[in-house]
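No value in this document is a laboratory result; all are computed from the given coordinates. The model shown is predicted, which means the values in this text are computed figures rather than measured ones. Positions of Cβ are generated from backbone atoms using ideal geometry, with glycine treated the same way; all protein chains shown enter the neighbour counts.
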Amino acid sequence: MKNQLEIKVQITHKLLKRNQSELKTLEDNSIIFNSKSSAFDEIVAKKIKFQKKKIKIKKKLLLNFDATKILRIQKFYSF
């Protein structure tokens with residue numbers, strides 16, 4: 001049975017992949033639907049920026065989870 005940390009890592013990893021896919025779609029669409037409207041461009045730019053922020057946070061979470069896992073292993077093997 002998987003422990004909570006492994007489940008959190010798996011869920012975060014899946015969410016990260018989904019966010020990366022959504023970012024690619026947003027970036028591709030921003031090129032395809034390049035408009036003369038600065039309001040539209042501004043909205044798309046904000047969405048892209050927000051998506052990048054979500055990706056950055058998930059990557060930090062995964063690094064944190066890795067650090068926690070390493071600490072647990074060290075604790076287990078320390079004498």
List, in order, the whole-Hz ³J(HN,Hα) value for each residue of the stretch 5-15 obtained from phi through the Karplus relation with A = 6.51, B = -1.76, C = 1.60 and θ = phi - 60°; use x for Gly and Pro. 4, 4, 5, 4, 5, 4, 5, 4, 5, 5, 5
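When the helices in the chain are scored as -39500 (n - 2.57) per DSSP H run of 4 or longer and the sum is shared across all residues, what 222 nm value do you end up with, to the nearest 500 deg cm²/dmol?
Details: 2 runs with 69 residues, N = 79.
After summing the helix terms and dividing by residue count, I get -32000 deg cm²/dmol.
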Mind giving me the nanometre distance, one decimal, between the label points for Asn64 and Ser21, set 7 Å out from Cα along Cα→Cβ? 2.5
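Restricting to Cα pairs below 8 Å that are 6+ residues apart, what does the relative contact order work out to for the chain? Please round to a whole percent. Before the final figure, lay out the partial values.
Details: 30 pairs, mean separation 34.6, N = 79.
44 percent.
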Fewest to most Cβ atoms within 10 Å: Ile57, Ile7 sort as Ile7, Ile57
